[in-house]
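Inspection log for the structure reproduced underneath, given as structure tokens.
The values are calculated or read from the model by the stated rules, or taken from the named source; none is laboratory data. Owing to the predicted nature of the structure, the values given are computational and were not obtained by experimental measurement. All Cβ positions, glycine included, derive from the backbone under ideal geometry; neighbour counts span all protein chains shown. We work out accessible area using only protein heavy atoms, side chains counted, and drop any ligands, DNA or RNA first. Shrake-Rupley method; radii C 1.70, N 1.55, O 1.52, S 1.80 Å.
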Amino acid sequence: MRGFILFAILVIAHAHSTTATLVIKGPDKPVLENDEVTLECLLSDSELNTSQVHFEKFSKYMNKWYRLEEEPIYRRCIPGVILRREVSQLLLSIHSIHSYFHQGLYRCVADNATAPDNSSQPLAITINYMRELSVYDVSSSSRKFIKENLLVTLGDDVEVECSTTASEAPQYFWQKYGEDWIVPSSKLRLKNVRMEDGGDYTCMAEHPTLSSLKRSSTISITVLPACSVSDSPACSHQRPSQPSLVQLHQPGVDDLRGGGGSPGAHPVYHRLPGPQDEAGQEHQGTH
């Protein structure tokens, strides 16, 4: 009985000495997109060395782990990765980390072991990001991108919206330059636009958990007077003045003979004198 107990103790001790020896460590603060990140695969209480371990990354698309190595064929899956081996650790450095390529689960794995516990606990790398803001005119059924300036007509209803993509849904705010009000929304609505509604409007987006991660975009709204043909005095500055024309009959050969107009004759147009001509004549008469 004593021999069996001693044998069991030796088996447990041997299992303890050959497992749970790989540890993966990563950044101790939130990771922002384009940061430089280094992962460490540490060896402790083991006869293994760094030449016997490697990094793996989990692919959610293939639903499996795949090996990361120094060869280019492996590094094409996640660009910008540099592997470096030292005496007691294996380092994986990612320059300009990106959410599309580098976010996910990583682990360290021993080459010469096949048991389920031949690897470290997975380390999740979460990348925080926020893209540049875009502003759109959504007043009508169509969605139009606003580059800098939006022209609106006096009395119209206007609705603009800003949007972005981020690791978490951002919080949006609208503010007008020179005013002290803030609209906590991605949309800004102006009803029955007045001339004084014109000006510069800024949309701000803020990450919900990282206040340092924010974006802003400013557009200018210009209000134009409502003009039509009936109110020409108010809109005369928007329409170029054109001289009045009158059609005159050009006499042909048949006219000299007392007949009708010549088939080859063409009408001649003359400009009738306008107000500016009358003003010019009065000016000439004063000399």
Exercise for the section: Using Cα positions and a limit of under 21 Å, work out the lysines in reach of Lys147, with same-chain residues fewer than 8 apart set aside. Expected result: Lys176, Lys187, Lys214
Completion exercise
Between Gln121 and Lys191, the two model label points (7 Å from Cα along the beta-carbon direction) sit apart by a distance in nm of 5.6 nm
Problem - Lys191, Lys57, ranked by accessible area, largest first (probe 1.4 Å) - result: Lys191, Lys57
Practice task
Work out, step by step, the length gained on full extension between His98 and Lys147: first 0.36 nm times the residue separation, then minus their alpha carbon distance; give nm to one decimal.
Solution key: 14.9 nm
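At 1.4 Å probe size, with the rest of the protein present, what percent of the exposed accessible area of the stretch 105-156 is carbon and sulfur atoms?
49 percent
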Fill in the blank from the handout: SASA check, His95, accessible area w/ 1.4 Å probe, all protein chains in place, rounded to nearest 10 Å², comes out at 80 Å²
Handout entry: Rounded accessible area of Lys29 (nearest 10 Å², 1.4 Å probe)
Key = 140 Å²
Exercise for the section: On the full set of protein chains, 1.4 Å probe, figure out the accessible area of Thr209 and give it in Å² to the nearest 10. Expected result: 90 Å²
Completion exercise
Nearest-0.05 FRET efficiency for Arg131 and Leu154 at R0 = 51 Å, using Cβ-Cβ distance, is 0.90
